[in-house]
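The values are calculated or read from the model by the stated rules, or taken from the named source; none is laboratory data. Only a predicted model underlies this, so the values are computations on that prediction, with no experimental measurement involved. We place every Cβ from the backbone using ideal geometry, glycine too, and count neighbours over all the protein chains shown.
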Amino acid sequence: MVALVNAEVSDLRLREAIAYHLGWSGTGLPSLSAEPARAAGKKFRTLLAALAYETAATASSTVADAAGPVLPFACAVEMLHNFTLIHDDIQDGDRARRGRPSLWTVCGVPQAINVGDCMFALAVSGLDRLSHHEIGPLDRLDLTSRMARCTVRLTIGQAMDLADAAPDTMSTAGYATMIEGKTAALTSYAAYGGGLLGGGRELAEHLGEFGRLLGLAFQVRDDMLGIWGSTEETGKPIGSDLVRRKKTLPVALAFEHADGRDAGWLRAWYSGGTPVDARDIDRIEAILRRHRIRELTQEIARDYQEQALAALADAAARTGLPPTHPPLRALGEMAEFATERIR
């Protein structure tokens with residue numbers, strides 16, 4: 001990614017802002033070897049693309065080249081993901097990202113928007129570099145058009161997330177539709193693209209389905225961490241999603257399971273209009289405990305995990321590779337990580 005940024009971005013201030021957000025440093029643009037692991041993020045989608053590529057390349061008897069076409073594609077996926085994070089932090093007013101101040105708090109909202117826009121353009125530029133790796137025009141066109149559709153789905157999901165929906169309209173079904181766009185669209189694209197570049201369009205479709213379900217499990221766990229995660233691990237204040245009245249899966253479940261005074265109080269509080277009070281947060285947490293919302297949320301995450309593993313097994317059956325094949329085993333471990341992670 002450093003090479004991509006250096007080649008395409010001539011303005012030093014913009015490069016430094018990109019470097020800061022990506023966790024390469026506070027200022028300047030050092031080598032990747034200097035990345036602090038936490039500030040640089042999990043690279044979850046990048047790893048997904050790389051493992052899907054290696055799986056498909058092995059199945060098609062293609063030599064999996066670590067410096068081959070998957071590298072610019074993975075860079076494109078990472079740039080696209082981080083473009084959405086920069087804008088999401090601005091839209092949600094989140095002041096922390098990966099244990100550090102969010103980019104917009106460092107360089108201001110206008111410049112942060114500009115950086116996000118630049119990173120989207122860098123994602124397109126990353127795809128353009130596939131032409132250097134003997135990837136045919138139809139496959140490049142496929143990945144470019146799918147990136148466009150993926151981005152539209154991301155923005156639709158974000159629009160649903162940002163919408164000031166009435167509390168009575170909150171539902172787990174509506175939540176599932178939202179995260180299909182907001183999260184699963186990109187994980188599906190990452191897995192599909194890696195599989196396609198590895199040499200198998202049909203296999204790529206099955207890997208894309210695995211990526212979709214993996215993204216759903218990942219997002220449900222993310223919602224859990226937004227309420228019950230520790231500041232030391234997530235880099236965000238404990239209960240940050242409750243403080244912001246964010247309408248996540250635990251909240252949607254609470255609306256469906258609470259009754260009597262609990263239900264009435266939740267509707268009133270999530271309607272907004274009153275300042276956030278520590279006693280209110282305590283009361284919400286008590287309601288969540290009373291109705292076993294944490295346990296119910298984890299059950300849904302694990303259900304998505306099981307569906308993802310079933311999709312992976314279906315994909316594996318088409319490769320002729322044993323389940324113990326390293327890339328396949330690593331993809332399975334990603335599904336386990338998605339629902340058990342602590343940050």
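Given (1) farther than 30 Å from E54 by Cα; (2) in contact with an Asp or Glu (Cβ under 9 Å, 6 or more places away or on another chain); (3) part of a helix (DSSP H, G or I); (4) not small (G, A, S), where does F210 come up short, assuming only one miss?
(1)
Filter the range 224-283 down to the residues that are part of a loop (DSSP other than H, G, I, E, B) and among the small types (G, A, S), then identify the one that is farthest from Q298 (Cα to Cα). Write out each step before concluding.
Quick first cut of the range 224-283, residues part of a loop (DSSP other than H, G, I, E, B) only: 229-230, 235-239, 244-248, 258-259, 271-277.
Of the ones still in play, those that are also among the small types (G, A, S) are 229-230, 235, 239, 258, 271-273.
Details: G229: 13, S230: 17, G235: 21, G239: 17, A258: 18, S271: 26, G272: 27, G273: 31 Å.
Step by step, filter the range 224-283, then rank; the result is G273.
Each row is one residue, and each column tells you yes or no for (1) modelled with pLDDT of 95 or more; (2) surrounded by 12 or more Cβ atoms within 10 Å (Cβ to Cβ); (3) not β-branched (V, I, T).
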{"position": "G226", "(1), (2), (3)": "no, yes, yes"}
{"position": "V243", "(1), (2), (3)": "no, yes, no"}
{"position": "L253", "(1), (2), (3)": "yes, yes, yes"}
{"position": "G260", "(1), (2), (3)": "no, no, yes"}
{"position": "R290", "(1), (2), (3)": "yes, yes, yes"}
{"position": "R294", "(1), (2), (3)": "yes, yes, yes"}
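Considering only residues that are at pLDDT below 95 and assigned to a helix (DSSP H, G or I), look in the range 23-48 and name the one that is farthest from A112 (Cα to Cα).
Only one residue fits best here, namely S33.
Quick one: would you say L328 is in contact (Cβ under 8 Å) with a residue 60 or more places away in the chain and either within 26 Å of the chain's Cα centre (by Cα) or assigned to a loop (DSSP other than H, G, I, E, B) (or both)? I'd like the intermediate steps shown before the answer.
Working: in contact (Cβ under 8 Å) with a residue 60 or more places away in the chain: yes; either within 26 Å of the chain's Cα centre (by Cα) or assigned to a loop (DSSP other than H, G, I, E, B) (or both): yes.
It is true that L328 is in contact (Cβ under 8 Å) with a residue 60 or more places away in the chain and either within 26 Å of the chain's Cα centre (by Cα) or assigned to a loop (DSSP other than H, G, I, E, B) (or both).
For the range 181-207, give me the residue count where each residue is surrounded by 24 or more Cβ atoms within 10 Å (Cβ to Cβ) and outside any helix (DSSP H, G or I).
1
So that you can scan it fast, the table gives a plain yes or no per residue for (1) touching a helix residue (DSSP H, G or I) at 6+ places or on another chain (Cβ under 9 Å); (2) crowded, with 17+ Cβ neighbours inside 10 Å; (3) farther than 24 Å from Q219 by Cα; (4) among the aliphatic types (A, V, I, L, M):
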| site | (1), (2), (3), (4) |
| --- | --- |
| M79 | yes, yes, no, yes |
| N82 | yes, yes, no, no |
| D88 | yes, yes, no, no |
| C107 | yes, yes, yes, no |
| C118 | yes, yes, yes, no |
| S125 | yes, yes, yes, no |
| S131 | yes, no, yes, no |
| I135 | yes, yes, yes, yes |
| L138 | no, no, yes, yes |
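Out of the range 135-158, which residues are over 21 Å from G116 (Cα atoms) and without any contact (Cβ under 8 Å) to a residue 40 or more places away in the chain?
G136, P137, L138, R140, L141
Pairs only if they're at least six apart or on different chains, beta carbon under 8 angstrom, first in the range 55-71 and surrounded by 14 or more Cβ atoms within 10 Å (Cβ to Cβ), second of a type in the set (K, R) and at pLDDT 95 or above; list them, first residue then second.
none
Check A313 against each of (1) at pLDDT 95 or above; (2) of a type in the set (A, V, I, L, M, F, W, C); (3) surrounded by 19 or more Cβ atoms within 10 Å (Cβ to Cβ) and name the one condition it does not meet.
Among (1) at pLDDT 95 or above; (2) of a type in the set (A, V, I, L, M, F, W, C); (3) surrounded by 19 or more Cβ atoms within 10 Å (Cβ to Cβ), A313 violates only (3).
Is it the case that E306 is within 27 Å of H257 (Cα to Cα) and either acidic (D, E) or out of contact with any helix residue (DSSP H, G or I) (no Cβ under 9 Å at 6 or more places or on another chain) (or both)? Let's see the steps before the verdict.
Values: within 27 Å of H257 (Cα to Cα): yes; either acidic (D, E) or out of contact with any helix residue (DSSP H, G or I) (no Cβ under 9 Å at 6 or more places or on another chain) (or both): yes.
It is true that E306 is within 27 Å of H257 (Cα to Cα) and either acidic (D, E) or out of contact with any helix residue (DSSP H, G or I) (no Cβ under 9 Å at 6 or more places or on another chain) (or both).
In the range 316-325, what residues are assigned to a helix (DSSP H, G or I) and buried (at least 18 other Cβ atoms within 10 Å of the Cβ)?
Within the range 316-325, A316 is the sole residue that qualifies.
Output the number of the condition that D277 fails; it satisfies all remaining conditions of (1) crowded, with 16+ Cβ neighbours inside 10 Å; (2) over 22 Å from K43 (Cα atoms).
Condition not satisfied by D277: (1).
Based on this model, can you work out whether G108 counts as at positive phi and without any contact (Cβ under 8 Å) to a residue 60 or more places away in the chain?
Yes, satisfied.
Restricting attention to the range 191-216, which residues are acidic (D, E) and more than 22 Å from E134 (Cα to Cα)?
E209
Only one of (1) in contact with an Asp or Glu (Cβ under 6 Å, 6 or more places away or on another chain); (2) closer than 14 Å to Y189 by Cβ fails for S125. Which number is that?
Of the numbered conditions (1) in contact with an Asp or Glu (Cβ under 6 Å, 6 or more places away or on another chain); (2) closer than 14 Å to Y189 by Cβ, the odd one out for S125 is (2).
Looking at the range 246-259, I want the residues that are more than 15 Å from A173 (Cβ to Cβ) and have a partner that is of a type in the set (G, A, S) with Cβ atoms under 7 Å, at least 6 apart or on another chain. Which pairs are those?
Taking only residues 6 or more apart or on different chains, the pairs are K246/G226.
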